[in-house]
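The values are calculated or read from the model by the stated rules, or taken from the named source; none is laboratory data. Every value quoted in this text rests on a predicted model; they were computed, and no experiment measured them. Cβ coordinates were reconstructed from backbone atoms using ideal geometry, including for glycine residues, and neighbour counts include every protein chain displayed.
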Amino acid sequence: MTEDKRRLIYGRRQGRPLKTGARAAFDADLPRLALPLERLGDPAALFPGLGRLALEIGFGGGEHLAAQAAARPDTGFIGAEPFLNGVAKLALAARDLANLRIHHGDARDVLERLPTASLDAVFLLFPDPWPKARHHKRRFVSQANLGEIARVLKSGGVFRVASDIADYVRWTLIEIARFNRANGDAFLWRARQAADWRLRPADWPATRYEAKALAAGRVPAYLEFARP
Ligand SMILES: C[S@@+](CC[C@H](N)C(=O)[O-])C[C@H]1O[C@@H](n2cnc3c(N)ncnc32)[C@H](O)[C@@H]1O
């Protein structure tokens, strides 16, 4: 299926004009950091010597991804984000990180090229909530995308989802349960007590969107699923 024919990315592709530093990072550093989609058939080869691989879908300004990549030099990180200003911001923050590659575009184009059982972790943090019922089909958590995430995760890999929108949290749990019913428990929710989804784990760096949600009085949920 061609990208043009198949799907749209909803939401903004660009915000304010880039500031000088971000523009310079975008022009100078993005070519080095850019993910060559055609090499995703062998993603480990993009990160020689690193045994682990993770993907962040819609990294926004890249705070979580840059912090994870700095904290886990043993892991190769791939980030996908169509929003130009976020990509430029991460390119600036990631100048010294050797274990990070950026796809400036749709995460689905990365997912579908990755081999089965190739990732240790997938992060989907504060996906666009699309609150109107007629827009629910735009939500990233869908049966099709869960299928791809389940396929690319290794056994023992984790899928982390955060949202500050109660309806999106509910939606995620329902969609996962539906997926599991049809596919034999592909995702196991790890929570045992309320604190497990109410408190952000220590190895889960905060994002800009999360800070905004907290400042506005919204309470995020942090969901972690394991791939058996
Ligand atoms: C509400 S923002 C959250 C950004 C960031 N994760 C955070 O927590 O600050 C959702 C992000 O998902 C991105 N996004 C939407 N659809 C996407 C897709 N198909 N592939 C990759 N990113 C996508 C948007 O551009 C946006 O930056």
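Results for (1) within 16 Å of the ligand (Cβ to nearest atom); (2) at pLDDT below 95; (3) in a loop (DSSP other than H, G, I, E, B); (4) more than 30 Å from residue 44 (Cβ to Cβ), shown as yes or no for each residue.
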| position | (1), (2), (3), (4) |
| --- | --- |
| 159 | yes, no, no, no |
| 169 | yes, no, no, yes |
| 174 | no, no, no, yes |
| 210 | yes, no, no, yes |
| 218 | yes, no, yes, yes |
| 222 | yes, no, no, no |
| 225 | no, no, no, no |
| 228 | no, no, yes, no |
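The condition of being modelled with pLDDT of 95 or more and within 23 Å of residue 9 (Cα to Cα) holds for only one of 60, 76, that being 60.
Of everything listed in (1) loosely packed, with under 15 Cβ neighbours inside 10 Å; (2) among the aliphatic types (A, V, I, L, M); (3) in contact with a helix residue (DSSP H, G or I) (Cβ under 9 Å, 6 or more places away or on another chain), the single unmet condition for residue 202 is (3).
Taking the listed residues 110, 122, the one that is more than 17 Å from residue 186 (Cβ to Cβ), within 14 Å of the ligand (Cβ to nearest atom) and not in a loop (DSSP other than H, G, I, E, B) is 110, with no other qualifying. Of all residues in the range 21-47, those that are touching a residue at least 40 places away in the same chain (Cβ under 8 Å) and within 12 Å of residue 85 (Cα to Cα) have Cβ atoms under 9 Å from Cβ atoms of residues that are among the β-branched types (Val, Ile, Thr) and buried (at least 17 other Cβ atoms within 10 Å of the Cβ), 6 or more apart or on another chain, in 26/87. Going through (1) within 18 Å of residue 105 (Cβ to Cβ); (2) not in a helix (DSSP H, G or I) one by one, residue 17 falls short only on (1). With respect to residue 82, is the statement that it is more than 16 Å from the ligand (Cβ to nearest atom) and closer than 27 Å to residue 223 by Cα true? Answer is no for this residue.
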